[in-house]
Amino acid sequence: MIEPGAPLAGRDALLADLDGVVYAAAEPVPHAVDAIRRAAEAGIRVGYVTNNAARTATQVAEQLRGFGLAVRPEDVVTSPQAAVELLGGLVPAGATVLVVGGDGITHELDRAGYRVTRSAEDAPAAVLQGFHPTVSWSDLAEAAFAIERLGIPWVATNQDWTFPHSRGIAPGNGTLVSAVHTATGTLPVVAGKPERAIFDTAVARLGAAAPLVVGDRLDTDIQGARRAEIPSAIVLTGIDGTAQLLAAAETDRPDFILGDLRELFEPYPAARAEAVEGGALVHVGDATVRLDGARVRIERSGSRVVDLIRAVTTLVWGIGTPIYALDIEPGLLSLRP
């Protein structure tokens, strides 16, 4: 059952990011699988929208089925798919494309009829770059040689600086793209989130009229949802936390803040603001934060950390003062449910 006022109430589709939302490397995120099953049982279509370019949609679907989810390859929308669609407007079908990355990219290029090379000596018509853990200096160098010498189009699947791993936070494709940019002085065309094309593809595949995006990154999942004009929720099980939320530009702010995916089904609590002498109070549930001049502090922690996070974000976003100009109680910046 989806309770009235819950983030999923009235939605016909859930567009979920993968890394940090459904899994971290080989391990499922706590409560994520049960929540996704529950959404499907409620008649909500579930699609998976990922910037991860290391694997094919079929491989991703197999992993998710291993967690007990009913997933077909067509339920998975990947940044390599978006990148190959973008490439079609830059170079003709059948052209040779230099690849930096793995099966997730080469599979989509093969399906679209392109020829794949790993060498700049093969006179490629374009470079397509995505993350794979085996990408080496030699791969980056070949891309740089081709871009600098031939002046050809360069498409990146995404520019994520990091991604969550079961052992911690690891460097993402953005760090590898930056290396090629430093060598060539050129910037790529980016295909994945936060560009809206990947969300448009997902909505069309699911036939969704009222979707909700859920992700763990403000600069990709949430900003992309805003660009695509889709309501969004950030779940605090991956990359971004309270400090990033408080610093978020208006274009990167979600409609909902979740501790984990179980909260998709719970009524979302309203924030209540109260003017007091010298500042204001904001209450969410039984949690309260106080603004005294430029000082932001915990008035009452309450029984749920996520409500305290919701309260402080409501307060900081509402006053419109950059966080560097505020004296925020240090414990607030490091909150995690």
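The values are calculated or read from the model by the stated rules, or taken from the named source; none is laboratory data. Because the structure is predicted, anything quoted here is derived from the model rather than measured. Virtual Cβ from ideal backbone geometry, glycine too; neighbours counted across all protein chains shown.
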* Structure fact -> Subset of segment 285-305, residues among the aliphatic types (A, V, I, L, M), over 22 Å from P322 (Cβ atoms) and buried (at least 17 other Cβ atoms within 10 Å of the Cβ), comes to A287
* Any idea how many residues of segment 38-83 are part of a loop (DSSP other than H, G, I, E, B) and aromatic (F, W, Y)? -> 1
* Structure fact -> Within segment 282-321, the count of residues that are basic (K, R) and over 20 Å from D255 (Cβ atoms) comes to 4
* Asked: So is D240 assigned to a helix (DSSP H, G or I), in contact with a strand residue (DSSP E or B) (Cβ under 8 Å, 6 or more places away or on another chain), closer than 23 Å to S334 by Cβ and of a type in the set (D, E, K, R) or not?
  -> no
* To do: Can you tell me which residue within segment 84-98, out of those that are in contact with a strand residue (DSSP E or B) (Cβ under 9 Å, 6 or more places away or on another chain) and not in a helix (DSSP H, G or I), is surrounded by the most Cβ atoms within 10 Å (Cβ to Cβ)?
  => L98
* Please specify each residue of segment 230-251 satisfying the condition of being farther than 17 Å from G20 by Cβ, in contact with a Phe, Trp or Tyr (Cβ under 9 Å, 6 or more places away or on another chain) and not small (G, A, S). => I230, P231, L246, E250
* **Residue under evaluation P4, criteria (1) farther than 20 Å from A197 by Cα; (2) modelled with pLDDT of 95 or more; (3) not assigned by TED's automatic domain parsing to the domain that holds L206, criterion not met** => (2)
* At least 2 residues that are crowded, with 18+ Cβ neighbours inside 10 Å and modelled with pLDDT of 95 or more in each: list the strands (runs of 3 or more DSSP E) lying fully within segment 137-229 that qualify. => 154-156, 211-215
